[in-house]
Amino acid sequence: MEKKELVRLLALENFDPIYEEADRVRRENVGDTVHIRAIIEFSNLCRRKCRYCGLNSANKNAVRYRMSPEEILDTAGQAVRAGYRTIVLQSGEDPGFHKETMGDIVEKIKRMGAAVTLSCGELSYEELDFLKKRGADRYLLKHETADPELYAKLHPCGTLRQRIDCLKNIQSLKYETGSGFMIGLPGQSLRTIAEDLLLLRELDCKMAGIGPFIPHPDTPLAGEEEGSPELTKRAVALARLLLPKANLPVTTALGVIDQKEKENAFACGANVIMKKVTPDPYKEAYEIYPAKLEKTDIIGDRIRLEEQIRQLGRVPA
Ligand code: SF4
């Protein structure tokens, strides 16, 4: 599929045959299993000013925190005991978290028997290499939009070229590489979404997170319209066709807009779900976009999620 074809498919009046095909391709390539990942948002300090994000450094209303290594390890231990086998460590671009501290945390979580996914923004080649050698398995860095002009408008602190170079470093260091993008960014078109999908393929992503844009009231994009859940699902389905073996999460943002759509996303190609295990009150403070969050209950949440997945006819893992 090339750009023109992807634009045509995204705009179809009746997308149901594509959903069915994406579901078939998902079943054939990655089976009925739904992987549940535990996500620990360990710091919301960030040096960047991405215009859509509530954590951007210009937002003086954000309540900032940085979890201690002990808190992170304690939370990871609870998640492993609850049955999680992948811990996603996510943060803003926090220069106060040094690679040595991070490396120790990665090593200790690996010893608990869990895989480690890092999602801490753009790191240097040396930092990425260091963390890989300490045992990190995967790295998630969403490219956010493949349109260089739109990227420049939204990201005063970096360029799309730098982002892609960082993704290529991640890949060359043999991390399982993940990227992704948002649907509904102001100024985005179907053509841009097609380019986003093709970039995922070009980067040979093993994971791809595609979620709707949700405006945050304390950002320059406050008041803009949120992304369409239907278009988000269409992009997930096309990502499944382009990357048959990839791990495609149902993003939390989709559930924030519409819980039903989140469940439906499992029928159009998704096979992963991320569950926040970040302790209260940090969880509420990690506000990239506004969301109503329940109190963290690591074991109870896991049991409920497994039940929901079984009710959809899928197998939790
Ligand atoms: S999107 Fe990431 S890098 Fe950008 S401001 Fe938010 S936390 Fe920082």
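The values are calculated or read from the model by the stated rules, or taken from the named source; none is laboratory data. Computed from a predicted structure; not experimentally measured. Here Cβ is always computed from backbone atoms with ideal geometry, including for glycine, and neighbour counts include all displayed protein chains.
Looking at the range 54-67, is at least one residue of a type outside the set (S, T, N, Q), within 9 Å of the ligand (Cβ to nearest atom) and touching a residue at least 40 places away in the same chain (Cβ under 8 Å)? Checked the range 54-67: at least one residue is of a type outside the set (S, T, N, Q), within 9 Å of the ligand (Cβ to nearest atom) and touching a residue at least 40 places away in the same chain (Cβ under 8 Å). For the condition under 30 Å from Val315 (Cβ atoms), within 16 Å of the ligand (Cβ to nearest atom) and either at pLDDT 95 or above or not basic (Lys, Arg) (or both), Ile39 qualifies.
Table: residues versus (1) more than 21 Å from the chain's Cα centre (by Cα); (2) away from the ligand (no atom under 16 Å from the Cβ).
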{"site": "Ala79", "(1), (2)": "no, yes"}
{"site": "Ile87", "(1), (2)": "no, yes"}
{"site": "Lys99", "(1), (2)": "yes, yes"}
{"site": "Asp104", "(1), (2)": "yes, yes"}
{"site": "Arg111", "(1), (2)": "yes, yes"}
{"site": "Thr117", "(1), (2)": "no, no"}
{"site": "Glu149", "(1), (2)": "yes, yes"}
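The set of residues in the range 151-176 being in contact with a strand residue (DSSP E or B) (Cβ under 6 Å, 6 or more places away or on another chain) and away from the ligand (no atom under 16 Å from the Cβ) consists of Gln171, Tyr175, Glu176. Which count do you get for residues in the range 119-140 that are away from the ligand (no atom under 16 Å from the Cβ), touching a Ser or Thr at 6+ places or on another chain (Cβ under 8 Å) and not small (Gly, Ala, Ser)? The total comes to 2. A count restricted to the range 269-297 and to residues that are away from the ligand (no atom under 16 Å from the Cβ) and touching a Lys or Arg at 6+ places or on another chain (Cβ under 8 Å) stands at 9. Taking the range 74-187 and the helices (runs of 4 or more DSSP H) fully enclosed by it, the elements with 1 or more residues that are closer than 30 Å to Glu306 by Cα are at 99-111. Restricting attention to the range 190-206, does a residue exist that is more than 16 Å from the ligand (Cβ to nearest atom), surrounded by fewer than 17 Cβ atoms within 10 Å (Cβ to Cβ), among the basic types (Lys, Arg) and within 23 Å of Ser91 (Cα to Cα)? There is at least one residue in the range 190-206 that is more than 16 Å from the ligand (Cβ to nearest atom), surrounded by fewer than 17 Cβ atoms within 10 Å (Cβ to Cβ), among the basic types (Lys, Arg) and within 23 Å of Ser91 (Cα to Cα). Among the residues of the range 188-221, those that are hydroxyl-bearing (Ser, Thr, Tyr) and assigned to a loop (DSSP other than H, G, I, E, B) comprise Ser189, Thr219. Could you say whether any residue in the range 105-119 is touching a helix residue (DSSP H, G or I) at 6+ places or on another chain (Cβ under 6 Å) and within 24 Å of Cys53 (Cα to Cα)? Checked against the condition, which is being touching a helix residue (DSSP H, G or I) at 6+ places or on another chain (Cβ under 6 Å) and within 24 Å of Cys53 (Cα to Cα), the range 105-119 yields no hits at all. Filtering the range 210-237 down to residues that are among the small types (Gly, Ala, Ser) and in contact with a Leu (Cβ under 7 Å, 6 or more places away or on another chain), which residue is nearest to Ile170 (Cα to Cα)? So the residue we want is Gly211. Touching a strand residue (DSSP E or B) at 6+ places or on another chain (Cβ under 8 Å), within 26 Å of Lys262 (Cα to Cα) and β-branched (Val, Ile, Thr): does that describe Thr219? In short, no.
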